[in-house]
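K.L.:
First the structure, which I've put down as structure tokens, then a few questions once you've had a look.
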Amino acid sequence: MIGVLALQGGFKEHEDILDELQFPHRRVRSLDDVEGLTGLVIPGGESTVMKMFMELYGLDEWLVERASDENFKIYGTCAGMILLADLRILDAVVKRNAYGRQLDSFLAEMPLGDLNVRGHFIRAPKIETLGAKAESLIDHDGVPVFVRQGNIWASSFHPELAGDSQIHATIF
Ligand code: GLN
């Protein structure tokens, strides 16, 4: 059972992708929702707001604890990547809104092994430094935009908004 953090932001689009893949999922809004989860998707949205609610409901400490379980898969998109870096779950220095304003949003198609994945960059964070424990799976203009650190994945972009289920299928 995959959890989808549903405190704020674009969780619905992730649910649609998981439905398409027929992966069972459940919304996570408090610690009452986390029993039996094998992973968590952290959507895009506003990282400051999401972080505030996570702290309020104790989900930040829960996530830090779960992240140390190599069998628990975590995937953060955009604001989700910022949260993972903020909580020091992902060893990366991330600059918020580094791809410009809403109007500067763009859709990119990027190779990932044999796959071609599509994703929207919307006020996306840019990875300035990637820690030694993490690896870049996709670079865009020489910058890592999809990274993995063991059981943790994060993308600067939104495949779910492009209706692209390939990354979710690969991770989960
Ligand atoms: N700019 C947002 C933030 O800093 C992230 C945007 C997004 O998730 N699409 O939290």
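K.L.:
Hey, rough spin-label estimate for residue 68 and residue 171, points 7 angstrom out along Cα→Cβ, what's it come to in nanometres?
P.N.:
2.2
K.L.:
So which of 73/126; 51/126; 51/133; 73/95 end up more than 20 Å apart by C-alpha? It would help to have the intermediate numbers written out before the result.
P.N.:
Values: 73/126 22 Å; 51/126 18 Å; 51/133 24 Å; 73/95 24 Å.
Violating the 20 Å limit, Cα to Cα: 73/126; 51/133; 73/95.
K.L.:
With a ≥ b ≥ c taken as the square roots of the eigenvalues of the C-alpha gyration tensor of segment 28-101, please select rounded if a/c is under 1.5 and otherwise prolate if a/b is larger than b/c or oblate if it is not? Write out the running numbers ahead of the final one.
P.N.:
Working: a/c = 2.01, a/b = 1.50, b/c = 1.34.
Prolate.
K.L.:
Kirkwood Rh, Cα Rg: Rg to Rh for segment 78-162? Provide the component values of the computation, followed by the final result.
P.N.:
Working: Rg = 11.9 Å, Rh = 12.7 Å.
Ratio of gyration radius to Kirkwood radius: 0.94.
K.L.:
Let's test the formula: R0 of 25 Å, r as the Cβ-Cβ distance of residue 32 and residue 12. What FRET efficiency results, to the nearest 0.05?
P.N.:
Numbers: r = 20 Å, r/R0 = 0.82.
The value I calculate is 0.75.
K.L.:
Show that you can apply the helix-only estimate: for the chain, add -39,500 (n - 2.57) for every DSSP H stretch of four or more residues, divide by all residues, and state [θ] at 222 nm to the nearest 500.
P.N.:
Working: 5 runs with 43 residues, N = 172.
-7000 deg cm²/dmol, from helical runs alone.
K.L.:
Okay, next question. What is the magnitude of the charge dipole of segment 11-82 about its Cα centre, with +1 placed on the Cβ of each Lys and Arg, -1 on the Cβ of each Asp and Glu, and no other charges, expressed in debye to the nearest 20? Present the calculation step by step, with values, prior to reporting the outcome.
P.N.:
Values: 7 positive and 15 negative charges, 18 e Å.
So the dipole magnitude of segment 11-82 works out to roughly 80 debye.
K.L.:
In square angstrom, what is the accessible area per residue of the chain with a 1.4 angstrom probe?
P.N.:
Result: 47 Å² per residue.
K.L.:
Another question about this same structure. Cα-Cα pairs above 26 Å in the chain: how many percent?
P.N.:
On the way: 2795 of 14706 pairs.
Roughly 19 percent, once rounded to a whole number.
The values are calculated or read from the model by the stated rules, or taken from the named source; none is laboratory data. What you see is a predicted model, and the numbers here were worked out from it, not measured in a lab. Counting neighbours? That spans all protein chains shown, and the Cβs are built from the backbone with ideal geometry, glycine included. To get the accessible areas, we keep the full protein, side chains included, count just its heavy atoms, and leave off ligands, DNA and RNA. Shrake-Rupley method; radii C 1.70, N 1.55, O 1.52, S 1.80 Å.
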